[in-house]
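Read the structure below first, then the notes.
The values are calculated or read from the model by the stated rules, or taken from the named source; none is laboratory data. For clarity, every value in this text was computed on a predicted model and none was experimentally measured. Neighbour counts are summed over all protein chains in view; Cβ atoms, including those assigned to glycine, are modelled from backbone coordinates with ideal geometry.
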Amino acid sequence: MIDRYAPPELRELWSDRSRLRLWLQVELAVCEARAALGEIPPAQIQALRQAKPPSVERVAQIESEQGHDLAAFVSAVQEELGDEGSQIHLGMTSQDVVDTTLALQLREASQIILADLDRLLESASGLALRYRQTPMAGRTHGMHAEPITFGFVMANHLDELRRSRQRFQAAAREVEVGKLSGTVGTHATLSPEVEVLALRELGLEPAAITTQVVARDRHAAYLCSLALLGGVCERLATTLRHLQRTEVGEVREPFGERQKGSSAMPHKRNPVRLEQVSGLSRLLRGWAVAGMEDVALWHERDISHSSVERVALPDATMASVHILRTMAQVLDGLEVDQGVMRTNLERRGQISQSQLLLLALIRAGQPREGAYRLVQSLALESDRPGGDFRSAAQADPEVAARLSSAQLSACFDLQPYLAQIDESFYRLGLLQRPGEANRGDPADG
């Protein structure tokens, strides 16, 4: 991942230096387990504990000769340890170290992702509650539909983000397993007892069964969960990008005091952060596809997944954190123009409230088809510059013959559209139903 989108802590986590440190940690955990089982004498394990990660440069130098990064690492460690180094990597295969290290890296990356996702959830919850009763036009097919509130819009996105968290957390648990079971997973050269003890020290559970590798459906699910998280963030970004359009003007993403929207047009204030989220989300979907391609490895393992994962897993975690932090910054600094929302909603004489007029005419005895055609003709005639749907309805003799002035006025009241908005907030746990706050838990006695 280029530095522009790479959070520093994740850049370090996926660095060569960090990888060599974790490789050594896994190797030493195995040695400690073997020592606990009496396979390594106390004097040797004491010497092994003094081992330090080899330099990135030395491992690269040896790899240029051997053509194998893990083997080069083992050689570099052993040349530092001397005779005691013979205990390093004994009975192990490269993937024991690589897959177990990958689990440690993904565990740390997941913790960072979840923390940033929680921050975004908090920002979305705050906007949902703050603008719960702020009327605006609902939109379907990009066109005005019926009145909703901006808080209701944000609550919908919040619900999707919550599901994304649950989905990602489940996928993260699936990849947090280690594997120390030898060349084809049969524990022929490394006992199950060593595996359990070593992984316990590392804070991991052993995979129930493996080949030479941990099955890649786990990692594919992880990448897919990040792709879905990116898609959910992109839907929110797309919503806000539309609302920021010049012709809409209902929200604006934050804009720095010294920021420039264009090198040529000083008036520009573009939704660049939101567009960045949309772009990076496309990359997440691509990495998910690559992860799924890695599932079908030959027999007990081939190496076709390795090159993919060296790019896809680091980059996907870094892009995800960048997306989450960018979205949180946008929501925290979002400018919401409630006046423009109200103006847009009342466009063309509250034309978006045509359904209430339709229902009033039907209840007054007019057949549905006739009522629909009447309201539609009034709406289409009003949907032009200078048009006013409410005035057209008031002036129509057929409407006047069916509805009283009070009945017609009620058709243009916002309250019926917003009366049940809070029900969704109750279901999401953003609000308590009346009486719930003082009800208490029956288990409290």
Inside the range 127-155, can you point out the residues that are within 19 Å of the chain's Cα centre (by Cα) and either touching a residue at least 60 places away in the same chain (Cβ under 8 Å) or more than 20 Å from Val330 (Cβ to Cβ) (or both)?
Leu127, Ala128, Val153, Ala155
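Conditions (1) in contact with a helix residue (DSSP H, G or I) (Cβ under 7 Å, 6 or more places away or on another chain); (2) at pLDDT below 95, marked per residue:
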site	(1), (2)
Trp23	yes, no
Leu28	yes, no
Glu32	yes, no
Ala35	yes, no
Ala43	no, yes
Ala47	yes, yes
Glu57	no, no
Gly82	no, yes
Which number in (1) farther than 30 Å from Ala419 by Cβ; (2) out of contact with any strand residue (DSSP E or B) (no Cβ under 8 Å at 6 or more places or on another chain) marks the one condition that Thr100 misses?
(2)
State whether one or more residues within the range 212-221 are among the charged types (D, E, K, R), farther than 30 Å from Glu32 by Cβ and in the same structural domain as Leu158 (by TED's automatic domain parsing).
yes
Of all residues being in a helix (DSSP H, G or I) and free of Cβ contacts under 8 Å to residues at least 60 places away in the same chain in the range 1-17, which is surrounded by the most Cβ atoms within 10 Å (Cβ to Cβ)? Just the residue, please.
Asp16
First in the range 335-348 and in the same structural domain as Phe389 (by TED's automatic domain parsing) and among the small types (Gly, Ala, Ser), second anywhere and part of a strand (DSSP E or B) and crowded, with 18+ Cβ neighbours inside 10 Å, Cβ under 8 Å, 6 or more apart:
none
Only residues that are touching a Ser or Thr at 6+ places or on another chain (Cβ under 7 Å) and part of a helix (DSSP H, G or I): list them for the range 263-283, please.
Arg273, Gln276, Val277, Ser278
Restricting to the range 354-400, count the residues that are on the phi > 0 side of the Ramachandran plot and either in contact (Cβ under 8 Å) with a residue 12 or more places away in the chain or part of a helix (DSSP H, G or I) (or both).
1
Exactly one of these conditions fails for His144: (1) in a loop (DSSP other than H, G, I, E, B); (2) of a type outside the set (Ser, Thr, Tyr); (3) closer than 30 Å to Leu345 by Cβ. Give me its number.
(1)
Every residue from the range 84-136 that is acidic (Asp, Glu) and closer than 20 Å to Pro7 by Cα
Glu108, Asp116, Asp118
Glu108 in contact with a helix residue (DSSP H, G or I) (Cβ under 9 Å, 6 or more places away or on another chain), of a type in the set (D, E, K, R), modelled with pLDDT of 95 or more and closer than 23 Å to Glu195 by Cα:
yes
Do you know which residues across the range 304-348 are surrounded by 15 or more Cβ atoms within 10 Å (Cβ to Cβ), assigned to a helix (DSSP H, G or I) and among the β-branched types (Val, Ile, Thr)?
Val308, Thr317, Val321, Ile323, Thr326, Val330, Val340
Residues Gly142, Gly151, Gly138: which one is touching a Pro at 6+ places or on another chain (Cβ under 9 Å), assigned by TED's automatic domain parsing to the domain that holds Met318 and closer than 22 Å to Gly249 by Cβ?
Gly138
Which is in the same structural domain as Glu234 (by TED's automatic domain parsing), under 30 Å from Asp99 (Cβ atoms) and out of contact with any Ser or Thr (no Cβ under 7 Å at 6 or more places or on another chain), of Arg310, Arg252?
Arg310
